[in-house]
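The values are calculated or read from the model by the stated rules, or taken from the named source; none is laboratory data. Source: prediction; values computed, not measured. Heads up, the Cβs are rebuilt from the backbone with ideal geometry, glycines too, and the neighbour counts pull from every protein chain shown. All accessible areas refer to the heavy atoms of the entire protein, side chains included, with ligands and DNA or RNA removed. Shrake-Rupley method; radii C 1.70, N 1.55, O 1.52, S 1.80 Å.
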Amino acid sequence: MQSPIDVGLVGIEIYFPSTFVHQSDLEVFMKAPKGKFTVGLGQTTMACVNDREDINSISLTALNNLMKKHNIDPKQVGRLEVGTETMLDKSKSVKTVLMNLFRQSGNYDVEGITSINACYGSTNAIFNSLNWIQSKAWDGRYAIVVSSDIAVYPKGSARPTGGVGAIAMLFGPNAPVVFENVRSTFIDHTYDFYKPDPFSEYPTVDGHQSIEIYLNALRQCIATFKEKHFKLYGVRPSYSDYDYFCFHTPFSKMVQKSFFALLVEDIKEHPSRYNSELVSTLKENQYRLDAKTTKALQQTQFQGEWENKCERSLLLAKMLGNIYTGSLYNGLLSLLCDTSINLAGKKILMFSYGSGCAASLF
């Protein structure tokens, strides 16, 4: 079989419930200061399921819609993997439930199961799918990744960072959205977010620690990414090499912090490419990402670049909330559906993060 070229995303579909809550109403209900969730977190609404939906049903809907809209015969699919941390069964894979859509065709030869590691599972599933298509094991069929979660929290400060969504992605050769070969990963053992109680759907969360671990993982991935890029292409990439940026989105203001963190790392490495006054300010502050650094960046053209290159990817995240494994990919979907920009020939840098922790930059 001829080696596949331009392997990547052929099609994408999203499903989310029709039920939601306004974050401004949640502020009132939780007796929080006005603007704490809408301005402080950057969220407008939060999707939630009713008693007629669960992780299996929303995943089935997304997958079914993807296959119908792209006229995919079930027999054309050779790999199906799910990324989720929302489990109804602690042993049985959500993927096996999705095989109901393949039963009538008689196609049971479909590789892949469910990948689980907080919000990172679907990125692992995507890497597995890309590796399969580019391997000798590939049999010419499509791969599909379903990224779905129902994020819920107990009473308390984390509750507004919930959300619901399911994204189904079709992968194959000759794709309009191509994944490049360079990618970096950082995996460590942490306890910023975990689910120790098998009888509860709620996680145990240390929000402040999770933010620090997230940003550290981002910095580690940036360093490794640049090293790998240099080894492969002989060039260390810079911020300016990328047209748009997508980040895992627990809440929208976290993405702004991440965007500026990435920018600070680039200024630190390439100070001659940036405004000398800005460089001096950041250097005096030892390149720490704090209020002073953020203010200095916002007073330059980078506030406009944040809005154009990154904030536009938050359209769905601001409305749906944190959909865990799918939050990075609703960022990509937000860009793909933005008719005010032309993505032809453009590069998007993606950062995936799952607590515990696992992260990748690609």
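A few notes on this one:
- Taken over region 68-84, the residue count meeting the criterion of being of a type in the set (S, T, N, Q) and open to solvent by less than 20 Å² (accessible area, probe 1.4 Å) is 1.
- Of all residues in region 224-242, those that are of a type in the set (Gly, Ala, Ser) have Cβ atoms under 7 Å from Cβ atoms of residues that are open to solvent by less than 90 Å² (accessible area, probe 1.4 Å), 6 or more apart or on another chain, in Ser238/Asp266; Ser238/His270.
- Scope region 58-67; condition closer than 16 Å to Arg103 by Cβ and surrounded by fewer than 18 Cβ atoms within 10 Å (Cβ to Cβ); matching residues: Asn64
- In region 94-109, of all residues being touching a strand residue (DSSP E or B) at 6+ places or on another chain (Cβ under 8 Å) and open to solvent by 20 Å² or more (accessible area, probe 1.4 Å), the one that is farthest from Phe251 (Cα to Cα) corresponds to Asp109.
- Applying a threshold of 6 Å to beta carbon distances and a minimum spacing of six or more residues, or different chains, the list of pairs starting in region 333-344 at a residue that is in contact (Cβ under 8 Å) with a residue 60 or more places away in the chain and ending at one that is surrounded by 10 or more Cβ atoms within 10 Å (Cβ to Cβ) and aromatic (Phe, Trp, Tyr) reads Leu335/Tyr244.
- Only residues that are open to solvent by less than 10 Å² (accessible area, probe 1.4 Å) and outside any loop (DSSP other than H, G, I, E, B) were counted across region 131-164, and they come to 12.
- Count of residues meeting criterion [farther than 20 Å from Pro176 by Cα and open to solvent by 10 Å² or more (accessible area, probe 1.4 Å)] in region 349-362: 2
- Odd one out for Gly304, checked against (1) closer than 17 Å to Ser240 by Cα; (2) open to solvent by less than 60 Å² (accessible area, probe 1.4 Å); (3) of a type in the set (Gly, Ala, Ser); (4) part of a loop (DSSP other than H, G, I, E, B): (4)
- Single condition Val49 does not satisfy, out of (1) of a type outside the set (Phe, Trp, Tyr); (2) more than 23 Å from the chain's Cα centre (by Cα); (3) more than 21 Å from Gly354 (Cβ to Cβ); (4) not in a helix (DSSP H, G or I): (2)
- Single unsatisfied condition, Pro250 versus (1) modelled with pLDDT under 95; (2) open to solvent by 50 Å² or more (accessible area, probe 1.4 Å); (3) over 24 Å from Leu278 (Cβ atoms): (2)
- Residue ID - surrounded by the most Cβ atoms within 10 Å (Cβ to Cβ), chosen from residues in region 307-348 that are over 10 Å from the mean Cα position of the chain (by Cα) and on the phi > 0 side of the Ramachandran plot: Gly321
- Scan region 211-246 for residues that are closer than 14 Å to Gly354 by Cα and open to solvent by 10 Å² or more (accessible area, probe 1.4 Å) and the total you get is 4.
- From the options Thr44, Thr38, Thr19, residue that is closer than 22 Å to Ser327 by Cβ, touching a residue at least 24 places away in the same chain (Cβ under 8 Å), surrounded by 14 or more Cβ atoms within 10 Å (Cβ to Cβ) and polar (S, T, N, Q): Thr44
- Any hit, region 20-30, residues being in a loop (DSSP other than H, G, I, E, B) and modelled with pLDDT under 95: yes
- Residue match in region 257-264 (condition: out of contact with any Asp or Glu (no Cβ under 6 Å at 6 or more places or on another chain), in a helix (DSSP H, G or I), more than 26 Å from Pro176 (Cβ to Cβ) and open to solvent by 10 Å² or more (accessible area, probe 1.4 Å)): yes
- In region 284-297, the residues that are over 19 Å from Asn216 (Cα atoms) and of a type in the set (A, V, I, L, M) form Cβ pairs under 9 Å with partners that are outside any loop (DSSP other than H, G, I, E, B) and open to solvent by 100 Å² or more (accessible area, probe 1.4 Å), at six or more places apart or across chains, as follows: Ala296/Glu277.
- Where a residue in region 49-77 is of a type in the set (Ser, Thr, Tyr) and its partner, wherever it lies, is open to solvent by 30 Å² or more (accessible area, probe 1.4 Å) and modelled with pLDDT of 95 or more, with Cβ under 7 Å and at least six apart: Thr61/Tyr15
- Any hit, region 165-182, residues being part of a loop (DSSP other than H, G, I, E, B), of a type outside the set (Ser, Thr, Tyr), open to solvent by 70 Å² or more (accessible area, probe 1.4 Å) and without any contact (Cβ under 8 Å) to a residue 24 or more places away in the chain: no
- Screening Met87 against (1) in contact with a strand residue (DSSP E or B) (Cβ under 7 Å, 6 or more places away or on another chain); (2) open to solvent by 20 Å² or more (accessible area, probe 1.4 Å); (3) of a type in the set (A, V, I, L, M) leaves a single unmet condition, (1).
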